[in-house]
Amino acid sequence: MQTGRDQRIDFFRGLALIFILWDHIPHNPLAELTVRNFGLSDAAEIFVFLAGYAAVLAYGKIARRDGFLLASVKILRRAWVLYVVHIFLLAVLMGIVFFANSHVETRDLVQEMGLQYFLSNPQQALTDELLLRFKPNLMDPLPLYIVLLLGLPLVLPMLLRKAGYVVAVSLALYLLAPVWNLAAQEGGVWFFNPMAWQFLFILGGAAALHAQRSNAPASRPLWRQPLFVGATVYLLITGLLALSWRWPQLHDAIMPLWLGEHLYPISKTNLSPVRLLHFLALAYVVAKVVPHGDWLNNWFARQACRMGRYSLEVFCLGVILAPLADMLNALGGDRLVMQVFSALMGVGIMAVLAAWLDWNKHLNRK
């Protein structure tokens, strides 16, 4: 990271955006290829961790150069932009879902997207929308990111000086997550508990600061590094566990009863420790195994990197494309060919948007 932008960060952000789209299209066969099928974590952990990584990298540089006040102003301005985007995106999403539902007879898309609350309580739903309490399906990540950004100015000065202290406090808040969460509509709570997910965001920021330091490369091969071996073994075990869920009888036969009682449920809302540990092991192994090399110059990697550089815009487009793909699949009889076509077309549209934004950015510079 000393010499410039690490393209691997952009690549994996773009890959996470593709996974999020595929995971959010019902009955999509390509969703079987996403990371959630081979372990205990999924694309949400990738997205939040790299959001923290990128935010601390960008605003930490501004804080060192121009001072913490200016960095805080820019962070809050970014949070405001995200808030406006969230309101606008929710309005667009509701319009698309209502339109799609009027053309689909096989299922209720309004109910599937969690928009029934708006139809039954429109006035309260609008109030909850402004207070970030009304979050239909697909809309949970943006409010979480807004809250995390609002908290970043409070911890950024100490994070840049004593990152270990900030991580320790963040860990303490994470441990309190099961007993505290923000309120959502109809007496519910946030699907992504900010008290829990802030820890992953802070870990991403701490990792960005660690990457900027000049560290001597390890002299021992990977298979002789205990941390790498332990992380790899954990990934293999949890991967086999995730695969066993496809065959419930096999799972029940190999899973000890006492272990299942302690392991399940694996909470995504409170970022269960086994989920968190799985992602950290995955991130560590990938960082060790995947080099920063010529593979980033191939066609697919370039498209993914470009989508990662414009993650907010591409994510918002993906939220809109998911119900449209679901409508297209329903109108096509949910045939396999149509499901694969809609999923790939969605990725193609996101790539086109990223290419257009990149071209527009260069045009403005000229």
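For the condition surrounded by fewer than 15 Cβ atoms within 10 Å (Cβ to Cβ) and within 30 Å of GLY114 (Cα to Cα), what is the one hit in LEU227, LEU175?
LEU175
If we keep just the residues of region 10-34 that are open to solvent by 30 Å² or more (accessible area, probe 1.4 Å) and of a type in the set (A, V, I, L, M), which is farthest from VAL319 (Cα to Cα)?
LEU33
Restricting attention to region 319-352, which residues are out of contact with any helix residue (DSSP H, G or I) (no Cβ under 6 Å at 6 or more places or on another chain) and free of Cβ contacts under 8 Å to residues at least 24 places away in the same chain?
If the condition is that a residue be out of contact with any helix residue (DSSP H, G or I) (no Cβ under 6 Å at 6 or more places or on another chain) and free of Cβ contacts under 8 Å to residues at least 24 places away in the same chain, then GLY333, ARG335, VAL337, PHE341, MET345, GLY348, VAL352 are the ones that fit.
Does at least one position in region 79-94 carry a residue that is open to solvent by 60 Å² or more (accessible area, probe 1.4 Å) and of a type outside the set (Val, Ile, Thr)?
Among the residues of region 79-94, at least one is open to solvent by 60 Å² or more (accessible area, probe 1.4 Å) and of a type outside the set (Val, Ile, Thr), which makes the answer yes.
Suppose we keep only residues that are small (Gly, Ala, Ser) and modelled with pLDDT of 95 or more within region 152-193. Which one would you say is farthest from GLU129 (Cα to Cα)? Step through it out loud before you land on a result.
Filtering region 152-193 down to residues small (Gly, Ala, Ser) leaves 163-164, 168, 170, 172, 177, 183-184, 187-188.
Next, only the ones that are modelled with pLDDT of 95 or more stay: 168, 170, 172.
On the way: ALA168: 33, SER170: 28, ALA172: 30 Å.
My answer is ALA168.
Is it the case that some residue within region 217-224 is open to solvent by less than 40 Å² (accessible area, probe 1.4 Å) and polar (S, T, N, Q)?
No; the residues of region 217-224 include none that is open to solvent by less than 40 Å² (accessible area, probe 1.4 Å) and polar (S, T, N, Q).
Consider GLY348 carefully, then state whether it is closer than 19 Å to PRO29 by Cβ and open to solvent by less than 40 Å² (accessible area, probe 1.4 Å).
On the way: closer than 19 Å to PRO29 by Cβ: yes; open to solvent by less than 40 Å² (accessible area, probe 1.4 Å): yes.
Here the answer is yes, as GLY348 does meet what is asked.
Would you mention how many residues in region 19-47 are over 10 Å from the mean Cα position of the chain (by Cα) and under 19 Å from MET327 (Cα atoms)?
So the first thing to find is which residues in region 19-47 are over 10 Å from the mean Cα position of the chain (by Cα), and the list is 21-41.
Going one step further and asking which of them are under 19 Å from MET327 (Cα atoms), we end up with 21-31.
The number of residues fulfilling the criteria is 11.
Do the conditions hold for GLN303, that is, is it part of a helix (DSSP H, G or I), open to solvent by 50 Å² or more (accessible area, probe 1.4 Å) and among the polar types (S, T, N, Q)? Before the answer, list the steps.
Working: part of a helix (DSSP H, G or I): yes; open to solvent by 50 Å² or more (accessible area, probe 1.4 Å): no; among the polar types (S, T, N, Q): yes.
Against the criterion (part of a helix (DSSP H, G or I), open to solvent by 50 Å² or more (accessible area, probe 1.4 Å) and among the polar types (S, T, N, Q)), GLN303 does not qualify.
When region 291-327 is examined, which residues are found to be aliphatic (A, V, I, L, M) and farther than 26 Å from ARG78 by Cβ?
Start the filter on region 291-327 by keeping residues that are aliphatic (A, V, I, L, M), which leaves 296, 301, 304, 307, 312, 314, 317, 319-322, 324-325, 327.
If the condition is that a residue be aliphatic (A, V, I, L, M) and farther than 26 Å from ARG78 by Cβ, then LEU296, ALA301, LEU324, ALA325, MET327 are the ones that fit.
Just to check your reading of the model, which residue among LEU321, LEU271 is assigned to a helix (DSSP H, G or I) and either surrounded by 14 or more Cβ atoms within 10 Å (Cβ to Cβ) or not basic (Lys, Arg) (or both)? Please lay out each step first, then the result.
On the way: LEU271 fails: assigned to a helix (DSSP H, G or I).
Matching residue, one of LEU321, LEU271: LEU321.
Would you mind stating whether ALA283 is open to solvent by less than 40 Å² (accessible area, probe 1.4 Å) and under 30 Å from ALA100 (Cβ atoms)?
Working: open to solvent by less than 40 Å² (accessible area, probe 1.4 Å): yes; under 30 Å from ALA100 (Cβ atoms): no.
For ALA283, the condition - open to solvent by less than 40 Å² (accessible area, probe 1.4 Å) and under 30 Å from ALA100 (Cβ atoms) - is not met.
Residue-wise test of (1) more than 25 Å from the chain's Cα centre (by Cα); (2) over 26 Å from ARG309 (Cβ atoms).
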{"site": "ALA51", "(1), (2)": "no, no"}
{"site": "ILE62", "(1), (2)": "no, no"}
{"site": "HIS86", "(1), (2)": "no, no"}
{"site": "VAL97", "(1), (2)": "no, yes"}
{"site": "HIS103", "(1), (2)": "yes, yes"}
{"site": "THR106", "(1), (2)": "yes, yes"}
{"site": "LEU115", "(1), (2)": "no, yes"}
{"site": "ASN137", "(1), (2)": "no, yes"}
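Being closer than 18 Å to TYR59 by Cα, aliphatic (A, V, I, L, M) and surrounded by 19 or more Cβ atoms within 10 Å (Cβ to Cβ), is that true of even one residue in region 125-146?
From region 125-146, those closer than 18 Å to TYR59 by Cα are 145-146; that's our starting set.
Restricting the remaining residues to those that are aliphatic (A, V, I, L, M) gives 146.
Keeping just the survivors that are surrounded by 19 or more Cβ atoms within 10 Å (Cβ to Cβ) gives 146.
So far as region 125-146 goes, yes, one or more of its residues are closer than 18 Å to TYR59 by Cα, aliphatic (A, V, I, L, M) and surrounded by 19 or more Cβ atoms within 10 Å (Cβ to Cβ).
Conditions tested, residue by residue: (1) more than 17 Å from ILE9 (Cα to Cα); (2) at pLDDT 95 or above; (3) β-branched (Val, Ile, Thr); (4) not in a helix (DSSP H, G or I).
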position: ASN329; (1), (2), (3), (4): yes, no, no, no
position: GLY333; (1), (2), (3), (4): yes, no, no, yes
position: GLY346; (1), (2), (3), (4): yes, yes, no, no
position: MET350; (1), (2), (3), (4): yes, yes, no, no
position: ALA354; (1), (2), (3), (4): no, yes, no, no
position: HIS362; (1), (2), (3), (4): yes, no, no, no
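The values are calculated or read from the model by the stated rules, or taken from the named source; none is laboratory data. Bear in mind that the values here come from a model prediction, so they are computed numbers and not experimental data. Quick reminder, even Gly has a Cβ in these numbers, built from the backbone with ideal geometry, and neighbours come from all protein chains shown. These accessible areas exclude ligands, DNA and RNA; they are computed on the full protein's heavy atoms, side chains included. Shrake-Rupley method; radii C 1.70, N 1.55, O 1.52, S 1.80 Å.
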